[in-house]
1. Name the residue farthest towards the positive end of the dipole of the protein assembly as shown from the options B:PHE263, B:GLN376, B:ALA543, assuming +1 on Cβ of Lys and Arg, -1 on Cβ of Asp and Glu, about the Cα centre.
2. How large are Rg and Dmax for segment A:2-79 when calculated on the C-alpha trace, in angstrom?
3. Please compute the net charge surrounding B:TYR147, taking Lys and Arg as +1 and Asp and Glu as -1 over other residues with Cβ under 9 Å from its Cβ.
4. Quick one: B:ASP301, B:ASP53, fewest Cβ neighbours within 10 Å first, how do they rank?
5. Past the 30 Å Cα-Cα mark, which pairs from B:LYS316/B:LYS420; A:LYS66/B:LYS123; B:LYS480/B:LYS555; B:LYS59/B:LYS195; B:LYS144/B:LYS367?
6. Which residues' amide hydrogens lie under 5 Å from the amide hydrogen of B:VAL530, considering only partners 5 or more residues apart or on another chain, with H built in the peptide plane?
7. Nearest 5 is fine: what % of DSSP beta bridges in the protein assembly as shown come out antiparallel, could you say?
8. Explain nothing, just the number: dipole magnitude of chain B about its Cα centre with +1 on each Lys and Arg Cβ and -1 on each Asp and Glu Cβ, in debye rounded to the nearest 20.
Amino acid sequence: MLNTFMVYVENKPGVLTRVASLFRRRAFNIDSLTVGRTEKPEVSRMTITVDADRDQARRIEANLYKLVNVLLVENITNQPAIVRDLAMIRVAATHDARSHVLELAAVFRARVVDVSSESLTIEITGAEDKIDGLLDVLRPYGVLEMVRTGIVAMRRGSKSGDAASATESTGPDSANSSAANDDVSYSV
Amino acid sequence: MTDQKTVDQKTTPAIDKNKTIMTGAGILWECLEREGVKDVFGYPGGAILPAYDALKHSKIHHILVRHEQGATHMADGYARASGEVGVAVATSGPGATNMVTGIATAMLDSSPIVCITGQVGSKLIGSDAFQETDITGVTLPITKHNYLVTHASEVARTVREAFYVARSGRPGPVLIDITKDAQQSTCQFDWEAAKPQLPGYRPDLSPAPEEYAQALELIHNSKRPVILAGHGIIISGAMREVRDFAERTGIPVALTLLGLGAFPASHPLNLGMMGMHGEAWVNHMIQEADLLLAFGMRFDDRVTGNLKNYAPNAKKIHIEIDPAEINKNVKVDVPLVGDLREVLLELLPHVESIDRSEWLDTIDKLKGDSAVRDIQNLPDSGHLYAAHVINDLWRQTRDGNTIVVTDVGQHQMWEAQYYKHEHPRSLITSGGLGTMGFALPAAIGAKVACPEAEVWVIVGDGGFQMTMCELATIVQENLKINIAIINNGFLGMVRQWQEFFYDRNYAATPLLNPDFARLADAYGIKSATVSERSQVVPTVESARRHNGPVLINFKVEQEDTVYPMVAAGAALNDMIRRPSPIVETADDE
């Protein structure tokens, strides 16, 4: 099954290589990996999805903690979380098809960000299945080009992990206990 | 002369040590000294020259090696003999890449070493400059952590962090790559302000109370338990606690190769070595056990055999400092993640003494005809066997403060079987990586760390030739090291596999060797050649009395085989045994 990890790392050169190299060395296949800044300049945050069973997922977590630059790891696979992927899709849309494509984009709450005589470029943000759904209905018109960012994820609720708690954390145990979070909010 | 001095003063100002302006090179040596380093093993070159230039202001003794791989094995041997961090130094490019094998060796055997490499100037990085290699990239998967330092101001903190990471938790190698300009540039040296900052590093985990309770329940309910004693006991310094635990619970102890010495060989509860070339009864005990207590070991494939039918009836308790080892190879029932000594101290007051005489009595039954099959008990055929040499050597040196350093292959397994280790750190050997060429340089490191110890190298004729250039280092440092070459004219262990599994096709395993005695003579090392058993003891004694290095070329039976053997992929109790002489005689008639 696909596991989603939130990984806080020190914002230092080479840390992405260390994390990526770990997955390669231990023969786990990364499905998606995104990395970006957080509210603290010295901390970066990765969202990694990887195909692994329960035991493998535990070992991935333990191996990530072995990297000296890794601050906090949370497996949020079975937790309420907001998961978002962003895609830009250039779809063939001559004037006959254009209105159909625009309607489909509207249904999916996607935005048109570029128009040419032969095509429309649509930007969509959402969970992966939503984007897959839009792609399915656009395919008959001709998808000329597509790019996706890979997912970013955040746990729901007020006690969600943040970069500050990542730097203060004392170990995997405390990470687990903060993950057992009953103060969860559900938004739409 | 005076001119030379003035120039030196200019390039590397003499050091006044607190909060003064210093070069990165000066800070490097100063920090090494403050970390307790007395000896380093190294080889100079362009990108590390500023550091070598600054060495003259340091009290640290530099040992010039003949190959950078040797420097890393020496640092490793130093670390394993003493428990302190070993240090190796090399230049950029080829100097650094030559260290790779030694670093990987230290990584797989959890040995704390710090490798310092020079790097081209920071402005040149990425330009494919002369002798530029991305050594932090190359060593990423074989170091516990590594650093690239590009300014003098980063040197002090990096060295402090490197030593802390190398020696804490599960120890391992750390590499520091320092650009030439970082060595040359200056900054204010402030030891106090350069404290390690490792917010993500957690070497000090400990189990939860309920996990202790679960472990105790399993221990008290078990009828046929075995302790699997590994290298972690020695690293943790838990020899006393393991002994207390075994004695209080009456549980017998099987050892891994790197665990030898962690529990006295002569102790009644000591079973011996387990695994591929372990004693037959030990492997049988493990397969029949209802509880395995893994103490600081990692269920390597060389000790488990086929995982599908490994200890099928046993519950498993795994005491291990590295959480990533839990459930990696063998699924365990109770993991206790933490420092072994601390975990055992926590458990000891709660363990109950249980009568396990019934289980212990089965050992004798399981030993069966092992003694009859033992090569020590076979009638003298006139051949010299490696097992004879090693067993005789053990008899002669057993009472002393002896460190045996072995290479990899048949002689290594015979050493493990026939040299009975009573004390921790009395055997130094490359286990996980199985690095041929390890013994000679590692012995140099061990001797430098423990000058009072009697150091014996036991090495095959193949592995010896991989790093024999370090004979010059032995002579140069005037180290009293005794070298026993177990010379069978073959890459013996590979030949053994060819014998069993490749239809005796001895492809590329016979060796054309030099006359090792004359080779030793060329270095000014006292030498002897032995091909009869009666000569083993007198030659060993004469070597021990000689006040300098000695090399003995033991010409042993060429096609001897290490028994028992668990073939790769076979179950642990499915062993190829040395033919019993009684059965053989019957066949002959």
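Any read-out appearing in this document is the output of simple, stated calculations on the displayed coordinates, not a laboratory observation. Here the structure is a predicted model, which means the values were calculated and not measured. Backbone-built Cβ (ideal geometry, glycine too); neighbour counts: all protein chains shown.
1. B:ALA543
2. 11.6, 34
3. On the way: positive: none; negative: B:GLU154, B:GLU161, B:ASP177.
Every neighbour counted, the sum reads -3.
4. On the way: B:ASP301 14, B:ASP53 18.
In order of increasing Cβ crowding within 10 Å: B:ASP301, B:ASP53.
5. Details: B:LYS316/B:LYS420 28 Å; A:LYS66/B:LYS123 32 Å; B:LYS480/B:LYS555 23 Å; B:LYS59/B:LYS195 23 Å; B:LYS144/B:LYS367 41 Å.
In this structure, A:LYS66/B:LYS123; B:LYS144/B:LYS367 exceed 30 Å between Cα atoms.
6. B:ASN553, B:PHE554, B:LYS555
7. Working: 48 of 114 bridges.
For the protein assembly as shown, the DSSP antiparallel bridge percentage is about 40.
8. Details: 52 positive and 72 negative charges, 223 e Å.
Its charge dipole is roughly 1060 debye.
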